[in-house]
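See structure below.
The values are calculated or read from the model by the stated rules, or taken from the named source; none is laboratory data. In this text the structure is predicted, and so the values were computed from the model without any measurement. Neighbour counts run over all protein chains shown; Cβ positions are idealised from the backbone, glycine included.
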Amino acid sequence: MKYLLLFFLLLHTLLADQRAFIWVDDEDYCPAIYKDARGRPAGIFNDILTEAFKRLGIKLKKEVYPWKRAQRLVLKKKANGMVTVYTKQRAHSLIASTPIWHIKEIIFFRRDNPKACAILKINSFEDMKDLTLVETMGSGWAREQYAKHGIKHVLWVPTVDSAFNLLAKGRVDAYMMFDLNAYTILMKKQEIDESPLAKEFQQIVAIAPTFASLPFCLLVRKDSPYAKIMQRFNKVIEEMKKDGTYKRIKLKYLGAAPMLCGRSR
């Protein structure tokens, strides 16, 4: 009897998961999406999707993982969708909502870099062809843009920490990154006096090019039963923008980003 009860409980859980929209995302992209102190999803995307699916009347199951793993879970049909940039490669197996948020990228570099004057003049991807860049693995948008614009000198590293460390050591010329997350990480590194690279991090500055603004969308597998909700989802997003929900989320997170974001992407 005991085992039969456990079986039915497990079956109920599996059926509930099948009915829920399973969303997976990055555990370390604060304040957009990240894992909070209790290990739960938090951030701008979390608040937007939680409210949107509540209005849709659809149960939302959400988990955050290292970014590459989260993407694999979607592609292996272990999850219904994720929030990220819609690239040509992702378009093969995923459909996209209207943008739920726009994120600006900035370029970090050392002020004493011999190429600093050229970096200050960057106004397009083509202007970065002669630079050695660093980027995190799993950044599909960056990989696509660099390939499209003939940027070949790129070092791919696992984390933002790794990227900043290479930049501080002068092993790369520049690093393009989400502004709020990157500024927070950089400020923390500059404040740690006992770090052997503390003085080197003081040399890092940034510019904000106008060409690097990323539209983040909800991407859903084409073969997911929830692919058909996209039109309704888009309508709910527009309602949230009109009724002030977006403004409340922006005020909640953007002003508190330095206090919330203690980890790298």
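Results, tabulated for the structure shown:
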{"quantity": "From the options Ala142, Ala208, Ala212, residue that is aliphatic (A, V, I, L, M), modelled with pLDDT of 85 or more and touching a strand residue (DSSP E or B) at 6+ places or on another chain (Cβ under 9 Å)", "calculated": "Ala142"}
{"quantity": "Selection from the stretch 118-138 of residues that are in contact (Cβ under 8 Å) with a residue 60 or more places away in the chain and under 14 Å from Met176 (Cβ atoms)", "calculated": "Ile119, Ile122, Asn123, Ser124, Phe125, Thr136"}
{"quantity": "For Gly39: the one exception among (1) surrounded by 23 or more Cβ atoms within 10 Å (Cβ to Cβ); (2) at positive phi", "calculated": "(1)"}
{"quantity": "Candidate set from the stretch 108-136 (those that are of a type in the set (A, V, I, L, M, F, W, C) and part of a strand (DSSP E or B)); member that is nearest to Pro209 (Cα to Cα)", "calculated": "Phe108"}
{"quantity": "Strands (runs of 3 or more DSSP E) contained in the stretch 20-67 and holding at least 1 residues farther than 16 Å from Phe178 by Cβ and touching a Pro at 6+ places or on another chain (Cβ under 6 Å)", "calculated": "60-65"}
{"quantity": "Filter result for Ile103 (part of a loop (DSSP other than H, G, I, E, B), surrounded by 13 or more Cβ atoms within 10 Å (Cβ to Cβ) and hydrophobic (A, V, I, L, M, F, W, C))", "calculated": "no"}
{"quantity": "Residue pairs meeting the criteria (Cβ under 7 Å; at least 6 apart or on separate chains; first within 18 Å of Ala91 (Cβ to Cβ) and in the same structural domain as Leu75 (by TED's automatic domain parsing), in the stretch 223-240; second charged (D, E, K, R) and outside any loop (DSSP other than H, G, I, E, B))", "calculated": "Ala227/Arg221"}
{"quantity": "Selection within the stretch 153-177 - crowded, with 23+ Cβ neighbours inside 10 Å, farther than 19 Å from Phe125 by Cβ and not aliphatic (A, V, I, L, M)", "calculated": "Phe164"}
{"quantity": "Candidate set: the stretch 74-100, residues that are in a loop (DSSP other than H, G, I, E, B) and touching a Gly at 6+ places or on another chain (Cβ under 7 Å); chosen: the one surrounded by the most Cβ atoms within 10 Å (Cβ to Cβ)", "calculated": "Thr87"}
